[in-house]
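**Student:** Just dropping this structure here.
The values are calculated or read from the model by the stated rules, or taken from the named source; none is laboratory data. Everything numeric in this text was worked out from a predicted model, so none of it was measured. No Cβ is skipped: glycine too gets one built from the backbone with ideal geometry, and neighbour counts run over all protein chains shown. In case anyone asks, the SASA skips ligands and DNA or RNA and just uses the protein heavy atoms, side chains included. Shrake-Rupley method; radii C 1.70, N 1.55, O 1.52, S 1.80 Å.
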Amino acid sequence: GWAGGYPEIVKENELFERYYRELGIVPAGEWDAFMAALREPLPATLRITGYRSHAKEILHCLKEKYFKELQDLEVDGQKVEMPQSLSWYPEELAWHTNLSRKILRKSPQLERFHQFLVSETECGNISRQEAVSMIPPLLLNISPHHKILDMCAAPGSKTAQLIEMLHADMNVPFPKGFVIANDVDNKRCYLLVHQAKRLNSPCIMVVNHDASSIPNLQIDVDGRKEILFYDRILCDVPCSGDGTMRKNIDVWKKWTTQNSLQLHGLQLRIATRGVEQLAEGGRMVYSTCSLNPVENEAVIASLLEKSQGALELADVSSELPGLKRMPGITKWKVMLKDGQWFEEWKDVPSNRQTQIRPTMFPVKDEEKLKAMNLERCLRILPHHQNTGGFFVAVLIKKSPMPWNKRQPKVHQKLPQRTADTEVTTNSANGSDSISEEPILAENEESKKMQELHHLDTEQSKKEGVCGPPPSKKMKLFGFKEDPFVFLPEDDPLFLPIQKFYALDPSFPKMNLLTRTQEGKKRQLYMVSKELRNVLLNNSEKMKVINTGIKVWSRNSDGEQFGCAFRLAQEGIYTLYPFIHARIISVCIEDVKILLTQENPFLSKFSSETQKKVKDMAMGSIVLKYDPDPEKPDDLQCPIVLCGWQGKTSLRAFVPKNERLHYLRMMGVEVFKAKRKEEELENKTEEEVQHRLAPTEEGMDVEDKEHDLVTKMEAEIGEESSQSPVESSAMEIETKMEDLDQSSKNANTHVSKENKDMDASNVKD
């Protein structure tokens, strides 16, 4: 009902055209095609989560069902083009389509396809992500044992890719590697948490720091402290974003060269901090969604020059075959927003030397320039493969950075300084053997100071408590985080759980944690052994927003059956290999009943299932479906569900979107089922409102917040690092518990650890 609406933004910017024409980043004869592509809307792209065992099932479902329905379809007189796979993305797991979000939402013919996308995105099976944004994680060449740092991670689509690659082997519940995802914006960190939680990994930690001064972390290696160096680092820095003009049309009117000049220094500081924390032989990918050499080649050239041979650009021309790319450039000029050009630093007048810095210019020494191999950088132009604009450089660290080789001073009081490693060089065998270790106090006085400094920290570490850093060490912005408290080895809480589920002796109970020091523990979370090491040794210098996946939730009804904790679907794939009791194998018909009916009686299940349940005590159970190779028409991937066995019934505790996902994979028409389910929910809500008022109120608040973040995520598409997205949901969880449970039982299914919901506004 807006009269007249908004005036259409004119997609013209004379300064932009003048600048890039002069720099010559677009090949001769392609300028018109380049500008025409920038004025066209960006195709929608989606990526199927590659590590899931049912990725093939989702791909089959997409191609055979949803894509076929789009054939010969016309919307508003425009023929809908069939989605195409991205030729350079492995295993046909990424697709793009010309369907705009507006058409997807408003067209009745496409409503089912849109619902499929939203639902599968919420489950973590599909990610809506811009095509060029998928490139940096692929070029990191990640293996499951790699320690990875994502320096500017929010809102998290690239982080999700990194997690997928860690879990390449689904049979390994705890890969040796991990991802530490950082962002400077406290509120954006919560959107990052939401993205990461969809993948249910125990190997992800979200932290909140300024990437340009992110602290050195320590880990315990065989009883001695060592600085943590990362095998892989993703450095996707904040940028001017002129490669995103196709989706962020505000850039057309706001673009000036001033944006790049202001960001260059920050980008160089972040990249420098990244390579300092990179392990020797490690790989760092630097990327921006900008086409400007001041933000791209200038940063890389400056980094290479001051590294004095410690870094080199990797040749990735043979990687990602099918991806059209332009080589990096070696000559460029710098322009002010008034259109004034400068070719060299010496030409810059003194009154402009705060705006323009020497590192913004190309290296003049031809030999040095040639040795840098700047042509190994990648620039993606929008008109080549109908994408956004992008820049990527892959750096390999051959030796420690030169400023880390110098004998450092003792910096006990300044743990965030970059020069806090000691390096010894031994040339006896004709080669440099370099080891980097934390500084040790050189005299008794500094040793005493160090002991006093770490006294409180060591005490809390013994208790397994990893709280937020003290206020003297860091100003706390945003929400005050609950501590991470690891379960003591002799905690009486664990014995009934171990006995009830017959947990394997190899179960790593030391990795269990809670988010409360006092009172009843309501949720139990789990992290990998390596992340536990990081948490315990760095709580005084690191602000952790979230880590771990929920594996058990307290259920007071369960106490009478021998265990007060029920299994959580979120962590069931991690827990399942260790559980040896309370597992019921079910056939595909039983799975359909469990997922479509709210609380089915035992008599509705197959006779085999009824026999298995007969002698089992009531309480939380595992429901396992194994595919039958002799029935190729049935679902061909295993399913593990959390359930509850009652006196006369059996039910599944599975989030709504996950239910819909499994039903789709089994060929059940969920579009209609969803409508019926909503009607049933509304009816049930009316019936039990008088006895579940407090619980329902809590669920409403959580669901509203949940819908808000989901809506925001769906609208972002791919998200440039600089976009002002905000979210402040502490833990966004999909609720699928039914309202016809008793008040007492239902209360146990509503998370009591959510943060203040008043601050849950989302802006794009």
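**Student:** If you go through region 362-417 one residue at a time, how many are modelled with pLDDT under 90 and under 28 Å from the mean Cα position of the chain (by Cα)?
**Tutor:** Summing the residues that are modelled with pLDDT under 90 and under 28 Å from the mean Cα position of the chain (by Cα) in region 362-417 gives 3.
**Student:** Follow-up question, since we're still on this one. Can you tell me which residues in region 636-669 are over 28 Å from Asp557 (Cβ atoms) and either surrounded by fewer than 21 Cβ atoms within 10 Å (Cβ to Cβ) or in contact with a His (Cβ under 7 Å, 6 or more places away or on another chain) (or both)?
**Tutor:** Residues satisfying the conditions are Gln636, Cys637, Pro638, Met665, Met666, Gly667, Val668, Glu669.
**Student:** Return the residue satisfying two criteria in turn: it lies in region 197-210 and is out of contact with any helix residue (DSSP H, G or I) (no Cβ under 6 Å at 6 or more places or on another chain) and outside any strand (DSSP E or B), and of such residues it is farthest from Tyr525 (Cα to Cα).
**Tutor:** Asp210
**Student:** Now for a different question. So, restricting to helices (runs of 4 or more DSSP H) that lie completely within region 10-86, which ones have at least 2 residues that are under 27 Å from Gln161 (Cα atoms) and touching a Cys at 6+ places or on another chain (Cβ under 8 Å)?
**Tutor:** So the answer is 55-61.
**Student:** Does any residue of region 330-341 turn out to be in contact with an Asp or Glu (Cβ under 6 Å, 6 or more places away or on another chain), open to solvent by less than 50 Å² (accessible area, probe 1.4 Å) and within 20 Å of Asp242 (Cα to Cα)?
**Tutor:** Yes, that holds for at least one residue.
**Student:** Hand me the list of strands (runs of 3 or more DSSP E) wholly inside region 483-601 holding 2 or more residues that are touching a Gly at 6+ places or on another chain (Cβ under 8 Å).
**Tutor:** 484-486, 523-526, 549-554, 565-567
**Student:** Any residue at all in region 217-232 that's assigned by the TED database to the domain that holds Ile148, part of a helix (DSSP H, G or I), among the charged types (D, E, K, R) and farther than 30 Å from Phe342 by Cβ?
**Tutor:** No, region 217-232 contains no residue that is assigned by the TED database to the domain that holds Ile148, part of a helix (DSSP H, G or I), among the charged types (D, E, K, R) and farther than 30 Å from Phe342 by Cβ.
**Student:** Specify which of the listed residues (Ile396, Ile329, Ile356) is part of a loop (DSSP other than H, G, I, E, B) and either without any contact (Cβ under 8 Å) to a residue 60 or more places away in the chain or in contact with a Lys or Arg (Cβ under 9 Å, 6 or more places away or on another chain) (or both).
**Tutor:** That would be Ile329, the only listed residue that is part of a loop (DSSP other than H, G, I, E, B) and either without any contact (Cβ under 8 Å) to a residue 60 or more places away in the chain or in contact with a Lys or Arg (Cβ under 9 Å, 6 or more places away or on another chain) (or both).
**Student:** Now, a different point. In region 512-524, which residue that is crowded, with 22+ Cβ neighbours inside 10 Å and in contact (Cβ under 8 Å) with a residue 40 or more places away in the chain is farthest from Asp490 (Cα to Cα)?
**Tutor:** Leu524
**Student:** Could you list all residues from region 292-326 that are of a type in the set (D, E, K, R) and part of a loop (DSSP other than H, G, I, E, B)?
**Tutor:** The answer is Glu295, Asp315, Glu319, Lys324, Arg325.
**Student:** Sticking with this one: If you scan region 105-130, which residues turn out to be within 22 Å of Ala37 (Cα to Cα) and either free of Cβ contacts under 8 Å to residues at least 12 places away in the same chain or not basic (Lys, Arg) (or both)?
**Tutor:** Answer for region 105-130, where residues must be within 22 Å of Ala37 (Cα to Cα) and either free of Cβ contacts under 8 Å to residues at least 12 places away in the same chain or not basic (Lys, Arg) (or both): Gln129, Glu130.
**Student:** Here is a further query. Counting only residues that are over 10 Å from Ala196 (Cα atoms), of a type in the set (Val, Ile, Thr) and not in a loop (DSSP other than H, G, I, E, B), how many does region 144-174 have?
**Tutor:** Residues that pass the stated criteria total 1.
**Student:** Name the residue that is nearest to Ala271 (Cα to Cα), counting only residues in region 229-239 that are touching a Leu at 6+ places or on another chain (Cβ under 8 Å) and open to solvent by less than 20 Å² (accessible area, probe 1.4 Å).
**Tutor:** Among residues in region 229-239 that are touching a Leu at 6+ places or on another chain (Cβ under 8 Å) and open to solvent by less than 20 Å² (accessible area, probe 1.4 Å), the one nearest to Ala271 (Cα to Cα) is Val237.
**Student:** Return the residue satisfying two criteria in turn: it lies in region 1-41 and is modelled with pLDDT of 90 or more and within 30 Å of Leu62 (Cα to Cα), and of such residues it is surrounded by the most Cβ atoms within 10 Å (Cβ to Cβ).
**Tutor:** Across region 1-41, the extreme among qualifying residues is Leu38.
**Student:** A further question follows. Would you confirm whether or not region 272-284 contains a residue that is touching a Lys or Arg at 6+ places or on another chain (Cβ under 9 Å), touching a residue at least 40 places away in the same chain (Cβ under 8 Å) and within 30 Å of Leu38 (Cα to Cα)?
**Tutor:** Scanning region 272-284 turns up at least one residue that is touching a Lys or Arg at 6+ places or on another chain (Cβ under 9 Å), touching a residue at least 40 places away in the same chain (Cβ under 8 Å) and within 30 Å of Leu38 (Cα to Cα).
**Student:** Another question, if that's okay. Of the residues in region 525-548, how many are over 22 Å from the mean Cα position of the chain (by Cα) and either open to solvent by less than 10 Å² (accessible area, probe 1.4 Å) or within 11 Å of Asp220 (Cβ to Cβ) (or both)?
**Tutor:** 2
**Student:** Out of curiosity, is Glu276 open to solvent by less than 10 Å² (accessible area, probe 1.4 Å), in contact with a helix residue (DSSP H, G or I) (Cβ under 8 Å, 6 or more places away or on another chain), at pLDDT 95 or above and of a type in the set (D, E, K, R)?
**Tutor:** no
**Student:** Would you be able to say whether some residue in region 264-273 is on the phi < 0 side of the Ramachandran plot, surrounded by fewer than 21 Cβ atoms within 10 Å (Cβ to Cβ), outside any helix (DSSP H, G or I) and in the same structural domain as Ser399 (by the TED database)?
**Tutor:** no
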